1. Classify the chain: rounded, prolate or oblate, from the alpha-carbon gyration tensor (a ≥ b ≥ c, eigenvalue square roots; a/c under 1.5 rounded; otherwise prolate if a/b is larger than b/c)?
2. Need the full-extension length gain, residue 282 to residue 172, defined as separation in residues times 0.36 nm minus the C-alpha distance. One decimal, nm.
3. Using the Kirkwood formula on the Cα atoms of the stretch 311-368, what hydrodynamic radius do you get, in angstrom to one decimal?
4. Can you sort 441, 101 from fewest to most other Cβ atoms within 10 Å of each residue's own Cβ?
5. Within the stretch 14-41, name every residue whose backbone N is under 12 Å away from a label modeled 7 Å from Cα of residue 376 along the Cβ vector.
6. Measure out, as a whole number of angstrom, how far apart the alpha-carbon centroids of the stretch 372-443 and the stretch 275-352 sit.
7. Under the classification rounded if a/c is under 1.5, otherwise prolate if a/b is larger than b/c and oblate if not, where does the stretch 191-284 fall, given a ≥ b ≥ c as square roots of the Cα gyration tensor eigenvalues?
8. May I have the pair-distance distribution P(r) for the stretch 4-103, computed from all Cα-Cα distances with 5 Å bins from 0 and rounded to whole percent?
């Protein structure tokens with residue numbers, strides 16, 4: 001087992017990882033930027049090292065500073081969390097070359113799954129169905145126009161190295177495609193340092209379903225069921241639940257077995273998530289995330305399995321002790337992401353001082369946050385400030401508990417998504433489980449594509 005783990009992240013996920021480490025008897029090291037000198041994750045670590053100025057490129061994305069921090073603290077492993085360097089194969093490679101264990105998959109696996117086109121080719125060979133589209137990057141507008149007319153509009157341009165909605169454009173016509181082509185390339189270059197894009201047929205109003213997996217170094221692979229992440233805006237998830245209201249036991253077993261076979265075929269190790277579009281009763285593979293997800297708590301609540309601990313144990317060389325048939329799915333869990341954003345102003349970020357905050361307790365309510373009264377939310381990073389997770393024996397009970405928890409949440413004076421989340425979960429269609437990836441447009445009439 002590791003003796004000391006450096007957590008190369010910030011905010012609520014840093015605290016979440018530190019909790020798992022402490023319960024495993026592992027000493028933790030926090031890293032922080034000058035803009036995060038008052039962040040709560042520093043208080044929960046055994047040691048803390050400043051790694052640079054506030055902008056991410058000068059701190060949380062600064063590989064040399066993070067490696068230096070690991071070396072001066074004698075850390076034998078680094079946990080990247082999610083975002084920042086979590087899916088950077090070069091960072092994983094540097095860790096490996098420095099004799100520091102990267103808590104995640106190998107750099108080869110990250111590189112393979114990070115290239116969206118190669119990932120699709122690989123998973124197609126492993127038996128996963130794909131959305132119709134290009135199997136290579138698009139080199140020109142003319143090539144894009146030709147393919148779009150073969151596929152039929154609407155189509156979606158996507159960044160080859162993408163994620164989080166960056167470098168994505170939906171096109172309904174030749175005119176829109178021509179204007180979006182350069183924009184998608186520029187955005188992809190700015191976000192990922194790679195301007196290459198590809199095209200898929202855009203399936204209107206699908207559901208976004210993902211399968212959680214875990215794989216050890218001994219060929220053992222398990223799945224922990226699915227999450228429904230269809231409630232999203234601009235391809236950023238806002239509310240997630242497990243299990244999905246549209247996936248029955250037979251489908252879950254069949255899809256899980258298919259995913260497990262695919263993961264075994266690429267010799268993947270660590271936790272990860274295989275994502276699908278569900279459209280007209282068919283599943284289509286879209287990508288794999290080679291890290292722990294923001295929404296991992298709903299799977300933890302559903303299965304009783306601590307995914308972060310499992311990820312650390314796998315990295316330390318331990319075998320997965322659970323067999324697939326021993327995994328029980330009990331009840332329903334929901335997660336609402338609480339962002340420092342103003343829903344009434346097109347979700348513009350709302351950083352600033354938090355004068356007062358209160359989060360609810362109670363049975364079957366979990367709060368993952370780094371917020372406290374007097375904390376100043378910095379403007380440099382993602383706007384996620386908390387996650388509220390509820391669990392019920394039934395979906396109806398989980399929704400009621402979430403509504404109660406949201407009603408008791410107070411964060412003043414900044415703007416947050418608390419009230420907006422309440423509005424969504426109390427919608428009659430949401431309560432019936434009838435929703436899709438465009439569902440939030442009914443609450444945001446001016447939301448563009």
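Taken together, the values in this text are just the output of simple stated rules run on the coordinates, not laboratory data. This one's a predicted model, so the numbers in the text were calculated from it and none came from an experiment. FYI the Cβ positions are ideal-geometry reconstructions off the backbone, even for glycines, and counts take in every protein chain you see.
1. Working: a/c = 1.25, a/b = 1.15, b/c = 1.09.
Rounded, because the longest to shortest axis ratio a/c is under 1.5.
2. Values: separation 110, 0.36 × 110 = 39.60 nm, distance 2.28 nm.
Going from the current span to full extension adds 37.3 nm.
3. Details: mean 1/r = 0.0608 Å⁻¹.
This gives a value of 16.4 Å.
4. Numbers: 441 15, 101 19.
Going from least to most buried by this count: 441, 101.
5. 35-39
6. 16
7. Working: a/c = 1.77, a/b = 1.18, b/c = 1.50.
Oblate.
8. 3, 15, 29, 28, 19, 6, 1
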